[in-house]
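The values are calculated or read from the model by the stated rules, or taken from the named source; none is laboratory data. Since we're looking at a predicted model, the values are computed, not measured. Here the Cβ positions follow ideal geometry from the backbone for every residue, glycine too, while neighbour counts run over all protein chains shown. To get the accessible areas, we keep the full protein, side chains included, count just its heavy atoms, and leave off ligands, DNA and RNA. Shrake-Rupley method; radii C 1.70, N 1.55, O 1.52, S 1.80 Å.
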Amino acid sequence: MHHELSKGQNAPLTASEVIVAVTVDAPADLSALLVTDAGTVRGDHDFVFYNQPTGPGVRLQAGLSGQPASLAVTFADIPTDISQVRAVVTLDDATSQFGRHGAPVAQLRDRATGNLLFEYRIDGLATESIVIALDLYRRQGTWKVRAVGQGYAGGFAALVTDHGVTVDDAPTPTPAVTGATPTMTAPPVGHHAGNGATAGIHTPAPAPAAPAPPAPTPMPAPSTPGLDRLPVDMRKRLDLRKKQVAVSLQKHGGDQLKARVILVLDASGSMTKLYNKGVVASVVERMAAVAAHLDDDGTMQAFTFASNSARLPDLAIGDLPEWIRLHVRVGQMKLFGRGKGGALEPGQIDMNAVGISNEEQKVIAEVRAMVRADPQPVPTLVLFFSDGGVYRNREIEEQLRAAVLEPIFWQFVGLGRAGFGILEKFDTLTGRLVDNVGFFAVDKIDTIPDNELYDRLLSEFPLWVKEARRHRIIN
C-alpha cells in the first residue's frame, strides 16, 4: 500500500534504492540536481539530464515502451557532502505552461521490489514550464522524501541560477524545437528537443504498479479506561480509530511504543471559524484516539494558546464529550479582542486572558517546563495544531533547538494555507543532534480520512524514538 503525499509533506524512506518517475500529459524531460547543504551544486557533474545521464548515485534511465523515463537513485553511492537530490520536470516546449495540461504525478518506488511507496499529484501549477517535483534529502544519517511542487515561471535558467549555476543570457527558443537552454559555464546544459531518445516523458501511462503488500496486522489495541462511559456512536468511532492508530504506528516500526501525549490548540482570532464549525472539536476527538492507544491510562494533557499560553485540564477518555464542550472554545470575538462570553464554568479558561495573536514560543516553553517538572518513563509526543500566521521565527527556533536533548517529539500540523514560518523549515535545519520536529499542512483537515491523517501524524515519531534512544535522550 502506497502513501499519497501533499505539498510540503515529508516521510522517511527505508529502501536503499528507489526509482523516481513523473508522468505528464505533454512532452517533458526528467532531470536531477544533486545539491549540498548550501543549496547549490558542486559542479556540472551534479546535474543529471538527457545528455549526461549519470551522476554520483543517480542515473537517468529511459523508460520501457509506453513508460516514462525515470531516475534510479542508490543512496549508498551519493557523496556525503550531497544533502539533497532534486527531481525536476521540464516541458519540452518552453513557451508552454503546466497550467495548460493535467497535473503531473510523481511516483517513488522501491527499486528492489518495484513496490509503489509514495505518489504526489502536483496540483496548482499555472504559468510554470519547469517544476521541482520531489526532494530526496538526508537527515541524521537517514533519507527522507518531500513533496515540493515548486515551479519556475522563468523556466530552466531560473532553476539553475537558484542552484548556483552561472547562466548567460539565452536567445528566445524556437517552439517545439528546443527548450529554454541557457549557456552554462562548461559544458553547455539544456534539455533535448523532445525526440524521446533518452529522457523524455512523452507517454502519460504510469509504470504498472506491483502487487500491493498485505496490510499489516496491528497489535491488539489495549483497553482504555472510561471508554464504556462514552456515547455509543463516539465509543465506536474511538475504537475504530484506535485500531487505525495501531496500524499506522506498525507501518513505521512503532507498534510497541508507549508515550505521553500532549495536545496543543491554537486559539488565535483567525481560528474562530474552525472552532465555530466544529472542526477543532473533531480534531480533539481524533487525537483522543492517539492518546488512548499510546498512553496506558488513556489521558491526554492539553494546552491552548494565542497571545498567551494556558494549560487546560487533563482530558480523560471517559470525559471526552464534556471536555470538548467546556474547553474547545475561543469565546465570542469582537474588534481587537474577545467578547465577555458569559460566566465561566469550573475549570474553564478566560479566553480574554489568552488573547488573539500568535505567540507559539510561549506555549512551547510551557510544555517543556511541564515535561521537566513531571518526568515520565516514556517519551512525550506533542500534537500541535495551528492555522499559521507564525512570525516569532527566531524565538520558536531557539525553543525547539533547546528542546533537542529533551524527551519530546514535536509534531506540528498546519491548518489551511497561511504562513507557517520556521515550522516549515525545521526538516532542513542543520546543527541538531536529532530531528525533533515534524510538520505537515492540510487545507481541510475534516475531509482527510482517519487512515491518511494518522499515517501523516505518526510517520516521524517512531524514527525519532529510535534516534533518541541511540543518543540516550530517552531510555
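Structure notes:
- When a 1.4 Å probe is rolled over the protein heavy atoms, the share of accessible surface on region 228-372 that falls to carbon and sulfur comes to 53 percent.
- For residue 273, the solvent-accessible surface computed with a 1.4 Å probe is close to 130 Å², ligands and nucleic acids excluded.
- Gain in span if fully extended, residue 17 to residue 448, counting 0.36 nm per residue against the direct Cα distance: 152.1 nm
- Estimated FRET transfer efficiency (residue 345, residue 236; beta-carbon r; R0 25 Å; 0.05): 0.30
- Per residue value of the accessible surface for region 68-126 (all protein chains in place, 1.4 Å probe), Å²: 36
- Mean accessible surface per residue for region 332-475, computed with a 1.4 Å probe while every protein chain stays in place, in Å²: 46
- In Å², nearest 10: area of residue 447 left accessible to a 1.4 Å probe: 100
- Stretched out straight at 0.36 nm per residue, the stretch from residue 394 to residue 42 would grow longer than its current Cα-Cα span by 123.7 nm.
- Radius 14 Å from Cβ of residue 377, net charge of other residues (Lys, Arg +1; Asp, Glu -1): -1
- Efficiency of FRET between residue 95 and residue 469 - r from beta-carbon atoms, R0 41 angstrom, step 0.05: 0.15
- Label point at residue 322 placed 7 Å out along Cα→Cβ; residues across region 339-379 whose backbone nitrogen lies under 18 Å: 344-349
- Charged neighbours of residue 52, selected by a Cβ distance under 12 Å, balance to -1 (K, R count +1; D, E count -1).
- Apolar share of the accessible surface for region 73-140: 45 percent from carbon plus sulfur atoms, 1.4 Å probe.
- Spatially proximal lysines relative to residue 273 (Cα-Cα < 19 Å; intrachain offsets below 8 disregarded): 334, 340, 444
- When 2, 163 are compared by accessible surface with a 1.4 Å probe, the order from highest to lowest is 2, 163.
- Cross-link partners of residue 243 among lysines, defined as those whose alpha carbon lies under 21 angstrom from its own and excluding same-chain residues fewer than eight positions apart: 251, 258.
- Charge tally for residue 245 (other residues, Cβ to Cβ under 14 Å; Lys, Arg +1; Asp, Glu -1): +1.
- Distance between the modelled labels on residue 417 and residue 276, one decimal in nanometres: 2.1 nm (7 Å Cα→Cβ projection).
- With both residues required to sit in region 326-475, DSSP beta bridges show an antiparallel share near 15%.
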